[in-house]
Each structure stands twice: as structure tokens, then as C-alpha cells.
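A quick write-up on the structure given underneath.
Values quoted throughout were computed directly from the atomic coordinates according to the rules given, and no laboratory measurement underlies them. In this text, all values refer to a predicted model and were calculated from it rather than measured experimentally. Ideal geometry is used to build each Cβ from the backbone, glycine not excepted, and the neighbour counts take in all protein chains shown.
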Amino acid sequence: MKKYLAILMLPLAVAGCALPNVNRIKQDDVKRIIATLSADDMEGRATFSPGIEKAAKFIENEFTDIGLKPLPGNTSYRQNFTMLRTRPVKTAVTVNGKAIAADSVIVSTTAPAIDWANNADVQVVSLTAAMDFNKQYAAYTSGGKKMLVVVDPKFTASFKRIAARASRGSTTFMGGTGSTQSVVMVLGSFEKVNSFAVKYEGKSEQLQLCNIAGMIPGKSEKEEYVVFSGHYDHLGIIKPTKLTGKLADMVVKPMAGDSIANGADDDASGVTAMISLAKYYKHGPKPQRTLIFVAFTAEEIGGYGSTYFGQHVDPDKTVAMFNIEMIGKPSKFGQNSAFITGYERSDFGEILQRNLAGTQFKFYPDPYPQQNLFYRSDNATLARLGVPAHTISTDQIDIDKLYHTVGDELSSLDVNNITLTIRAIALSSRTIISGKDTPKRIPKQE
């Protein structure tokens, strides 16, 4: 009977016979971390808020207790940088003499004011129905140009989501190239833009942000890095909207007396995994490669934390990135499973799955390719630089009704699922950490 019981138990948990010490990742501790990060007193961890500062201090204390070292050149776990936030004060746009409704305009600019009237130095382009909206939006808003973009009504839903966010202001890095970028996007059908005018006034302020990063120096291959990450910001306290019509339906709203978007799954679950893995590896055998553990800020407003991090780590020395995002509920494949974005772009997933032989846990390719998740999370910056940087998730993003709502609370999560996924990552990453396996590089984006 004992023989059969052992055979039955092996596939039930990642913490099986292959690596018994993954049992050191305790479910009670996992719950403690995620409960703290998603508690109401964190106020939803919005970028630039007191709540995100409180979360940063909590993560710092966890790193201190674990015994991580700061990154080279840093005296603390904080990776500080300065942002310039510009809030709109007044916006008026006309195309072909017709005034454009406020909810059909997006302004992304680093300038305090815009005054265009058929300017020759403004490039007029169309984002047509045949294009990829997310890809084009990212390209336009990072190109450093002056642009008027006419957006096909096919993209109304995506446009409205971004418009709601843009109405709260735009953010960019301080101390960059000094170039001024201004992109004005207009939703509508225009056979040809014969004339246009844009008047915009904004108010700017400098604000501080920080990633929280620590490391475990490697042994024989300490100049090679493996990164574990998650983002610790979320949406914050949701105020009643003054918007009306279709735009009001596209924004997050308070509900049933609750105004705090706690972000338990997005992404307190990922940060919990990152902290748990740091503790697991710190108190195990010394890794051969250097391990970096980082909680990114400002993912929700444009991925600025991971962008800054990518500018201060050598991508050619970074052999892999485990970005962890939303692992709070079973995946569409059931318990003991997760998916990997960009699975087909490297053999990262194949290595992880090989290390899980003899267990029931399985990593699957991203089942939501239409969502473009590979370039929507904090892995994207390093992936564009050629790093096998992937996001691990379990979220059923196509049907998750709590995503980006005030209902994303600890009570909605399956802590056992989170624990099993963390243990699976610990078990599956071991040959990458030991230097035995090196995932294939991803082609760099120009």
C-alpha cells in the first residue's frame, strides 16, 4: 500500500521526490506576503501614491530579512529614477474644420504646450483597420516625433481605454535625450486630412519612482544573470468618474462601496512569487549564476520601471528572465499548470518543462496570442534586447471579470494555486541557475 501511495503522490505536487526542498516554499508564508501587499492599507499601490511607497518599504524589509545584496553601484535596494508627469489643463482639436470630441482625442506629449495649425513639421498618418493597434501605438509614442494619428473606428474599445488613462496625464523619463515628442491621436473616419489644429496646455511636475532590486551573487558564473521579477504597482483608489457616454463604460469604477483596486492577482501574486523564490534560493545551495530579484514600479502606466532596469543591466550577460504576472487562479488548463508568453520564441519553456519531468505540473504556450501578452508585461524591454525574457501566468485573461477592477482581492484568489506555481518555477529553473542550460536568445528588435 505504501508503494502505491508514493506513486500516487508524486504527480500531485511539484514538491515531490525530484527536489523535496521546494517544500520550503510554505503556503502560509505565501499568503502572508500577498495579504500584506493587497491589503486595503496599501491603497491599491498606485504609482506616485503613499500606498506604493508603503509597498516598497515592505518589499525592502523582506529583502533585508532574506539577506539579499543591493545591485552593484547601489547602496540600498532602491533603484531610483525621476519622471516628468504632465497633466492636461486644456485640449482642443479640429480636423478639416470639425471639432473633435474630448473622448476621441489622446494627447501624448513631453511638451508643456502644443499649438499646431497645419504645421509642416507634424507628420499626419493613419492607423488603419489592417494594422496592429497595440504595436502601432507603442511605435508612435516612442518615436520622438510630432504626429497626428487618425485611428480607424474599428479600434474604438482600445482607443477609449487609453484615452481614459491619458486624461489623467502623461509620464516620461527625466534626463533623456532632451527631444520633444508630441503625438495626438484622433478617433474617426477621414478620407483625407486637409487641415488640422491642436491647442493643448499641460502642467508638469518632477516625481520620484523606484524599483526594488536585490541579488544573490553567483559562484562560478557570477557575470551571467538570471532575473526574477513582478510589478508592485497597481491602479490605486478609484474615484467616481465624471465622464459620460461610451467613455464612462471603459474605465474602472468603484462598486458596492469599495473604491480600492487592491491588485491582489495583478500583480501582488507575481511579487509574492519573486520574494518567495528569493528566500528559497538564498537558503539553498549557492547558485552558479547571479540571481537578480526585482519588483518593478510603473508597469500600469507604461512599463517605466522595467524600461529603466533594462537600461542598467547588460542584456548580453542576462541569460534568462522569469517575469511573473497574475498566478492567483488556475489556468484554463486546470490545476498544476501555467502558460509562458512567447513560448515559441526560445527554448525557455522546453527547458522548464524538462525539469518538471515526473511531476504533474505543465507549462503551456500562451493560449491568448491575440492579446499580444508577450509585449504587454515587464519582460518586453529585455526581450526586445535579445534576452529570453518570458512572462509566466495562469490568468484566463479573456474571461477574467476581476482584471483591473476593485474586485481583484485576496479573497478571489487560490493561494494553493499560487504556491504550486511558485514551487514549479523553483523546480523548473534549477538547470538555468546552475549553468547547465542556457535558453536560446530572442532576435533583437531594431
Point to revise | 25 Å Cα-Cα reach of residue 98 towards lysines, excluding residues that sit fewer than 8 places from it in its own chain | key: 90, 145, 146, 154, 160, 192, 199, 242, 246
Review point. For residue 32 and residue 126, what does the FRET efficiency come to when R0 = 45 Å and r is the distance between their Cβ atoms, rounded to the nearest 0.05?
Key: 0.30
Check your understanding: With no solvent and one point per C-alpha, what does the Debye sum give as log10 I(q)/I(0) for segment 49-104 at q = 0.14, 0.21, 0.29, 0.30 Å⁻¹?
Key -> -0.61, -0.92, -1.18, -1.20
Review point. Could you give the dipole magnitude of segment 83-207 about its Cα centre, charging the beta-carbon of Lys and Arg +1 and that of Asp and Glu -1, in debye to the nearest 20?
Key: 280 debye
Study note, to complete from the structure: Excluding residues fewer than 8 positions from residue 440 in its own chain, the lysines with Cα under 30 Å of it are 69, 135, 219, 222, 279, 282, 286, 317, 329, 332, 362
Practice item. Calculate for the chain the 222 nm mean residue ellipticity that helices alone would give, adding -39,500 (n - 2.57) per DSSP H run of length 4 or more and normalising by residue count, nearest 500 deg cm²/dmol. Key: -7000 deg cm²/dmol
Review point. Based on the alpha-carbon gyration tensor of the chain and its eigenvalue square roots a ≥ b ≥ c, which shape applies: rounded if a/c is under 1.5, prolate if not and a/b is larger than b/c, or oblate?
Key: prolate
Review point. Out of the DSSP beta bridges found with both residues in the chain, what percent are antiparallel (nearest 5)?
Key: 60 percent
Practice item. Could you please report the charge total around residue 186, scoring K, R as +1 and D, E as -1 over all other residues with beta-carbon less than 15 angstrom from its beta-carbon? Key: +3
Practice item. Could you check which residue among 299, 205, 409 shows the biggest mean-square fluctuation in a GNM of the chain with a 10 Å Cα cutoff? Key: 205
Check your understanding: So how strong a dipole does the chain carry about its Cα centre when Lys and Arg Cβ are +1 and Asp and Glu Cβ are -1, to the nearest 20 debye?
Key -> 420 debye
Point to revise | Per-bin percent of Cα-Cα distances, segment 352-446 [5 Å] | key: 2, 10, 16, 20, 22, 16, 9, 4, 1
Revision key, fill the gap. Projected onto their principal axes, the Cα atoms of segment 83-207 stretch, largest extent first, over whole-Å spans of 40, 28, 24
Practice item. Obtain the nm distance between the two label points defined at residue 317 and residue 286 by a simple spin-label model: each point lies 7 Å from its Cα along the Cα-to-C-beta direction. Key: 1.8 nm
Revision key, fill the gap. Kirkwood Rh for segment 285-411 from C-alpha pairs, in Å, is 15.7 Å
Exercise for review: Just subtract the alpha-carbon distance of residue 362 and residue 96 from 0.36 nm times their residue separation and send over the number in nm, one decimal.
Suggested key: 90.2 nm
Practice item. Using every pair of alpha-carbon atoms in segment 269-352, split the distances into 5 Å bins beginning at 0 and state the percent of pairs per bin, rounded to integers. Key: 3, 10, 17, 22, 26, 15, 6, 1
**Study point:** Dipole-positive endmost among 153, 122, 194 within segment 83-207 (Cβ charges, Cα centre)
**Key:** 153
**Study point:** Given charges at Cβ of Lys, Arg, Asp, Glu: segment 277-399 dipole, positive-most of 330, 385, 357
**Key:** 357
Practice item. Work out, step by step, the length gained on full extension between residue 440 and residue 161: first 0.36 nm times the residue separation, then minus their alpha carbon distance; give nm to one decimal. Key: 96.9 nm
Practice item. Quick one: compute the contact order of segment 83-207, relative version, from alpha carbon pairs under 8 angstrom and 6+ residues apart, as a percent. Key: 53 percent
Point to revise | Dipole magnitude of segment 325-404, debye to nearest 20 (Cβ charges: Lys/Arg +1, Asp/Glu -1, about Cα centre) | key: 80 debye
Study note, to complete from the structure: When 403, 200 are arranged by how many other beta-carbons sit within 10 Å of their Cβ, fewest first, they go 403, 200
Revision key, fill the gap. So, with points 7 Å from each Cα along the Cβ direction, the residue 115-residue 219 label distance in nm works out to 6.7 nm
**Study point:** Farthest positive-ward along the chain dipole, Cα basis, beta-carbon charges - from 207, 288, 371
**Key:** 288
**Study point:** segment 363-392 versus segment 40-102: alpha-carbon centroid distance in Å
**Key:** 22 Å
